[in-house]
1. If you check Val90, Val111, which single one turns out to be of a type outside the set (D, E, K, R), touching a Pro at 6+ places or on another chain (Cβ under 6 Å) and modelled with pLDDT of 95 or more?
2. Filter region 54-87 for residues that are part of a loop (DSSP other than H, G, I, E, B) and surrounded by 19 or more Cβ atoms within 10 Å (Cβ to Cβ) and give the result.
3. Only residues in region 88-103 that are within 10 Å of Gly33 (Cα to Cα) and in contact (Cβ under 8 Å) with a residue 60 or more places away in the chain count as the first member; pair them with residues that are surrounded by 17 or more Cβ atoms within 10 Å (Cβ to Cβ) and among the basic types (Lys, Arg), Cβ under 8 angstrom, at least 6 apart or cross-chain, and list the lot.
4. Just one of the numbered conditions (1) touching a helix residue (DSSP H, G or I) at 6+ places or on another chain (Cβ under 8 Å); (2) free of Cβ contacts under 8 Å to residues at least 60 places away in the same chain; (3) not aromatic (Phe, Trp, Tyr) is not true of Ile49; which one?
5. Give the residues of region 69-97 that are over 13 Å from Val10 (Cβ atoms), hydroxyl-bearing (Ser, Thr, Tyr) and in contact with a Gly (Cβ under 9 Å, 6 or more places away or on another chain), sorted by residue number.
Amino acid sequence: QLQASGGGLVQAGGSLRLSCAASGMILSFAVMGWYRQGPGKQRELVARIFGGGMTSYADSVKGRFTISRDNVKNTVYLQMDSLKPEDTDVYYCGSTWKGQDYWGQGTLVTVSS
């Protein structure tokens, strides 16, 4: 299971940190990702971290968002800095573990201008 938290309302230029706590899987061996989806839009990949620690980001968030992982807490984070109104969306964490995909519930991020 994945439990996402940390969303909220922030002004443009501000920061938020999302957390995704995992149970039943070992994150250091899983591929973890943060995704976002707005009304009427497809879910898009924002950032991903692989078992070996390699990360990748969508071009729209490069240099502003950082994905990280705490292997002791079995939790993945998304640090979001320099937030823009267009970052407003519902954010989901997802994982691929032993060939299966898992999703957490969404957490709403609202960035006001």
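The values are calculated or read from the model by the stated rules, or taken from the named source; none is laboratory data. Quantities reported herein were computed from a predicted structural model and do not represent experimental measurements. Ideal geometry is used to build each Cβ from the backbone, glycine not excepted, and the neighbour counts take in all protein chains shown.
1. Sole residue among the options that is of a type outside the set (D, E, K, R), touching a Pro at 6+ places or on another chain (Cβ under 6 Å) and modelled with pLDDT of 95 or more: Val111.
2. Val61, Leu83
3. Qualifying pairs under 8 Å: Tyr92/Arg36.
4. (1)
5. Once the filter is applied, which keeps residues that are over 13 Å from Val10 (Cβ atoms), hydroxyl-bearing (Ser, Thr, Tyr) and in contact with a Gly (Cβ under 9 Å, 6 or more places away or on another chain), region 69-97 yields Tyr77, Tyr92, Ser95, Thr96.
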